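Engineer: Here it is: the structure, laid out below.
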Amino acid sequence: MASAAAEKPTLRIRLCAPRGFCAGVVRAIDAVEEALKKFGAPVYVRHEIVHNRYVVEGLKRKGAIFVDELDEIPDTEAPVIFSAHGVPKSVPAEAQTRRFFAIDATCPLVTKVHREAEIHHRRGRLVILVGHEGHPEVVGTMGQLPDGAVRLVEDVEDVARLDIPAGTPLAFVTQTTLSVDDTQAVIAALNARFPEIAAPHKEDICYATTNRQEAVKRVAPEVDAMIVVGSPNSSNSQRLREVAERSGCKAARLVLRAEDIDWSIFGDIRSLGITAGASAPEVLVEEIIDAFAARYTVEVETVSTADESVFFPLPRTLRPDAA
C-alpha cells in the first residue's frame with residue numbers, strides 16, 4: 001500500500017528573503033515588551049504598535065492595553081507608548097499636558113520624514129506628501145506641520161489636480177511603505193509639473209520596503225501562486241501583494257495565518273512563492289509552510305536578493321543604562 005507521503009503531490013516553495021520583521025518593527029515590539037518587563041502591566045499603547053493582529057494579541061496577553069486615542073487612558077503613571085507609524089505633534093503635547101510617561105516608538109525612518117517635512121516648512125516650502133489618505137503614518141506626518149502646510153497626493157491623477165499658485169516653493173516627501181514603482185510614477189509626475197520641486201536627500205521609502213518588493217519581483221514570475229503573510233491594514237503587505245500581481249503572478253493573496261488560506265485557490269498548484277510584510281512574524285510563515293506540508297510534499301528553497309543588518313536601539317528611557 002502506498003504511503004500517505006507518496007500520495008501527496010510535490011510543491012516547490014520559493015521563500016523570499018528578506019521578508020518579515022524590519023528593524024523599526026523589532027524596535028517597536030521590543031519597546032512594549034521591555035516596558036512591561038521594566039515597569040510591569042499595564043502598558044498603554046496608542047494604536048496598534050505594528051499592523052499585525054497576531055503580534056497585537058500576543059502583547060495584550062502580556063499586559064499591553066491598546067487604545068485609539070489618549071482620552072481612553074485614565075490618569076496613570078504607567079508607560080504610554082506611541083506606535084511605530086508615528087503620531088501628529090498634538091499627541092505628545094496632549095500626553096505632556098496629562099503628565100503621562102510617554103515613550104515614542106516611532107520608526108527612526110519615519111522620524112526622518114517628519115524632520116525633512118519640518119525643514120522644508122521652515123524654508124518656506126509647501127510640502128507635498130505622497131501617501132495613502134488615512135494611514136497612521138500619513139496622519140502623523142501631516143500632523144507635524146500646521147494645517148494647510150502639507151498637500152497629500154496618492155497617484156498621478158492627484159498630481160494633475162493640484163491647485164498651487166505659480167511660483168510657490170515646493171518640496172515632496174513620501175510615506176515609507178509605498179510601492180517603489182508606483183511612487184516613482186508619482187514623483188516623475190511631480191517633477192514634470194513642478195521642475196523646481198525639492199526632493200528628499202535620500203529616498204524616503206525605507207530599505208525594508210524596497211528589499212521585500214525586490215525579492216517578490218524575483219520570485220513572482222516563476223510561481224503558480226504567491227502568499228504574502230500579513231494583515232489587511234498593513235500598507236507594506238498590501239504593496240507586496242500588488243507587486244506580485246504586477247510581476248506576473250496569477251494568484252497573489254494576502255493571508256494573516258494558515259487558517260485563512262483559501263484552498264480553492266491554493267489547492268492545485270505546483271509552485272508557490274511566500275513572503276511576509278515587515279510587521280509579520282516568522283512563526284506565521286512557518287505555520288503556513290506547515291499547512292502546505294500537510295497537503296503536499298514540500299521542497300523549500302530560499303531566494304535571497306539582499307542582506308539586512310539594520311538595527312535601531314530602543315527608545316532612550318528603555319535602554320539598560322537609562323537612569
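Engineer: Can you order the peptides 235-246, 106-117, 158-169, 282-293 by their average number of other Cβ atoms within 10 Å per residue, highest first? Each step should come with its number before you reach the end.
Structural biologist: Details: 235-246: 23.3, 106-117: 20.2, 158-169: 10.8, 282-293: 16.4.
Order by mean packing, descending: 235-246, 106-117, 282-293, 158-169.
Engineer: Of Val186, Val113, Gln175, which is farthest on the positive side of the dipole of segment 109-193, counting Cα position, with +1 on Lys and Arg Cβ, -1 on Asp and Glu Cβ, and the Cα centre as origin?
Structural biologist: About the Cα centre, the residue reaching furthest to the positive side is Val113.
Engineer: Going Cα to Cα from Lys202, which lysines come in below 17 Å? Please leave out same-chain ones fewer than 8 positions away.
Structural biologist: Lys112
Engineer: Would you work out which of Tyr207, Leu254, Ile65 lies farthest towards the positive end of the dipole of the chain? Charges go on Cβ: Lys and Arg +1, Asp and Glu -1.
Structural biologist: Tyr207
Engineer: Here's a follow-up. With just the Cα atoms defining each centre, how far is segment 138-200 from segment 254-323? Give it in Å.
Structural biologist: 33
Engineer: In percent, how large is the relative contact order of the chain, given Cα pairs closer than 8 Å and 6 or more residues apart? Mind dumping the intermediate values first?
Structural biologist: Numbers: 607 pairs, mean separation 85.0, N = 323.
Value for the chain: 26 percent.
Engineer: Tell me the net charge near Gly131. Cut-off is 10 Å between Cβ atoms, Gly131 excluded, with +1 for each Lys or Arg and -1 for each Asp or Glu.
Structural biologist: Values: positive: none; negative: Glu133, Glu137, Glu154, Asp204.
That works out to -4.
Engineer: Treating cross-link reach as a plain straight distance, find the aspartates and glutamates whose alpha-carbon is under 15 Å from the alpha-carbon of Lys60, omitting any fewer than eight places away in the same chain.
Structural biologist: Asp30, Glu33, Glu34, Glu48, Asp68
Engineer: Another question about this same structure. Assigning unit charges at the beta carbon (Lys, Arg +1; Asp, Glu -1) and nothing else, what dipole magnitude in debye, to the nearest 20, does segment 15-164 show about its Cα centre?
Structural biologist: Numbers: 19 positive and 23 negative charges, 128 e Å.
My answer is approximately 620 debye.
Engineer: Treating only the Cβ atoms of Lys and Arg (+1) and Asp and Glu (-1) as charged, compute the dipole magnitude of segment 1-104 about its Cα centre; round to the nearest 20 debye.
Structural biologist: Values: 15 positive and 14 negative charges, 127 e Å.
Roughly 620 debye, rounded to the nearest 20.
Engineer: Which of the peptides 126-132, 98-104, 194-200, 224-230 is most tightly packed, and how do the rest follow, going by the mean number of other Cβ atoms within 10 Å of each residue?
Structural biologist: Numbers: 126-132: 22.6, 98-104: 17.6, 194-200: 14.6, 224-230: 25.7.
My ranking of the peptides, most packed first, is 224-230, 126-132, 98-104, 194-200.
Engineer: Return the Cα extents of segment 23-107 along principal axes one, two and three, sorted largest first, each rounded to a whole Å.
Structural biologist: For segment 23-107, the Cα spread along each principal axis is 32, 24, 19 Å.
Engineer: Would you work out the charge dipole size for the chain about its Cα centre, treating the Cβ of every Lys and Arg as +1 and the Cβ of every Asp and Glu as -1, and quote it to the nearest 20 debye? Walk me through the numbers on the way to the answer.
Structural biologist: Values: 37 positive and 47 negative charges, 116 e Å.
Once rounded to the nearest 20, the dipole reads 560 debye.
Every read-out reported here was derived from the displayed coordinates using simple, explicitly stated rules and does not represent laboratory data. Everything quoted here is computed from the prediction, not taken from an experiment. Every residue, glycine among them, receives a Cβ derived from its backbone with ideal geometry; neighbour counts consider all protein chains shown.
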